[in-house]
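To keep things clear, I will list the structure first and then write my remarks on it.
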Amino acid sequence: MLINEMAISYALEQQTVLALNKLGRSVTSSLELDDVLVRVTSEVTDLLQAEGVAIILPDGEDALKFVAASGEGAIHLLGVVMPAGVGVAGYVMETGEAFWINAQGSSSPGLDIYRQIETISRFHTQSLLAAPLIQEDQVIGVLEAVHSDPDKLTEEDLATLVMAANWATIAISNAQLHQQTQQLREQQAALEERTRLAHELHDVVTQSLYSMSVLSGAWRRQIESGRLEPQKEHIVELDHLARQALREVRLLVYELRPAELEEEGLIGALSHRLEAVEQRTGIKPCLMVMDEKGRPHPMLSGGRAAVVDFYHFRPETEFSLYRITQEALNNILKHSEATSVNINIRLGAETLSMEIIDDGRGFDVNSIEATAGFGLASLRERAKQIGGSLQVKSAPGKGTTIMVRDVPYRLVDDEEVKR
């Protein structure tokens with residue numbers, strides 16, 4: 001009998017280890033913070049057969065917030081904010097201690113905290129486990145599990161929750177680091193874009209304004225000295241220079257964020273751009289959006305209206321892909337003598353790719369002069385800024401294909417785009 005009990009105990013321990021390994025693989029396989037939080041609560045719910053699991057993180061300096069929850073015992077707490085020192089979460093944040101508590105008996109900190117939980121939760125909690133999320137000796141959050149049966153979450157389960165909390169900490173830290181890296185990358189891209197615009201302002205707009213200043217100053221001095229009578233031609237010339245500067249400013253403002261991107265998203269903006277190319281040059285364009293198997297995307301089967309209503313990508317992804325396409329089209333119009341251009345966008349499960357193909361005269365991609373003229377360095381940098389890569393395939397007389405590969409993306413709704 002003792003041998004059987006030992007065998008059962010060992011088997012249960014092995015099952016727990018396997019379950020924790022599964023949990024670890026699941027929660028660390030994503031770098032999106034929201035996804036990680038959902039995975040943690042879902043996996044811990046299954047692991048402990050809890051009726052509710054929640055993750056609580058600091059919200060500013062003096063508050064805690066339920067940032068993720070699953071199960072009827074916790075889901076209604078999602079988004080709830082409470083003072084930093086209140087309840088179980090407050091105790092764990094302050095002490096870094098994991099503990100078990102139920103309605104029949106409890107470990108430290110005692111039933112007082114249990115009563116505080118009951119004032120916050122509409123779920124009749126009878127047993128609760130709480131473990132700190134500890135990163136480099138600092139408590140960054142709390143992982144809680146609850147049940148309405150006092151015997152379902154036991155003190156023996158606490159070690160399992162602590163190990164799950166360790167995995168959760170790793171996953172959350174990785175996701176937060178990834179988020180910070182993305183923000184820094186976006187800030188760097190914005191800085192480089194502002195630098196480029198500053199150069200263009202200096203080279204184009206400043207030149208026009210300087211010419212206006214020189215002319216008007218010279219004319220004023222001549223008029224004051226009586227050597228020049230004001231004439232209509234002088235005003236016309238100043239007007240011409242002012243209008244030229246205004247056009248350049250408007251173009252630069254447009255480049256900050258093309259109106260089509262705001263109104264129609266990437267697919268709609270590209271469609272609009274290709275229509276303009278066809279009308280102006282006679283080049284036959286084709287835009288194709290495909291799923292990961294290369295089939296036409298079903299969401300775009302409704303014609304122009306469907307193109308405009310197609311979902312938005314992340315703003316920085318849309319902007320960079322649009323700019324790459326715009327620069328490529330400009331080069332095609334200037335140099336390629338093409339009669340057609342195809343843009344193919346393929347949406348995979350987690351990444352997208354884009355090809356810009358023309359039937360023009362092509363060029364030697366190993367030629368420094370041709371590469372510089374085509375602006376390949378700028379195109380590659382734009383692709384790199386959004387996590388992708390860019391290759392060019394071309395040869396004299398064989399046309400040109402620009403390939404943007406492995407760009408991470410996720411679907412976002414209109415409200416998130418506006419933020």
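The values are calculated or read from the model by the stated rules, or taken from the named source; none is laboratory data. All of these numbers come straight from a predicted model, not from anything done at the bench. Neighbour counts run over all protein chains shown; Cβ positions are idealised from the backbone, glycine included.
Residue 405 - would you say it is crowded, with 16+ Cβ neighbours inside 10 Å, closer than 17 Å to residue 313 by Cβ and of a type in the set (D, E, K, R)?
no
Those residues that are at pLDDT 80 or above and either surrounded by 19 or more Cβ atoms within 10 Å (Cβ to Cβ) or aliphatic (A, V, I, L, M) (or both), I need them from segment 288-313; list them, please.
Correct list: 288, 289, 290.
Every residue in segment 45-69 that is under 24 Å from residue 17 (Cα atoms), among the aliphatic types (A, V, I, L, M) and in contact with a Ser or Thr (Cβ under 8 Å, 6 or more places away or on another chain), please.
47, 48, 53, 54, 55, 69 - these are the residues of segment 45-69 that are under 24 Å from residue 17 (Cα atoms), among the aliphatic types (A, V, I, L, M) and in contact with a Ser or Thr (Cβ under 8 Å, 6 or more places away or on another chain).
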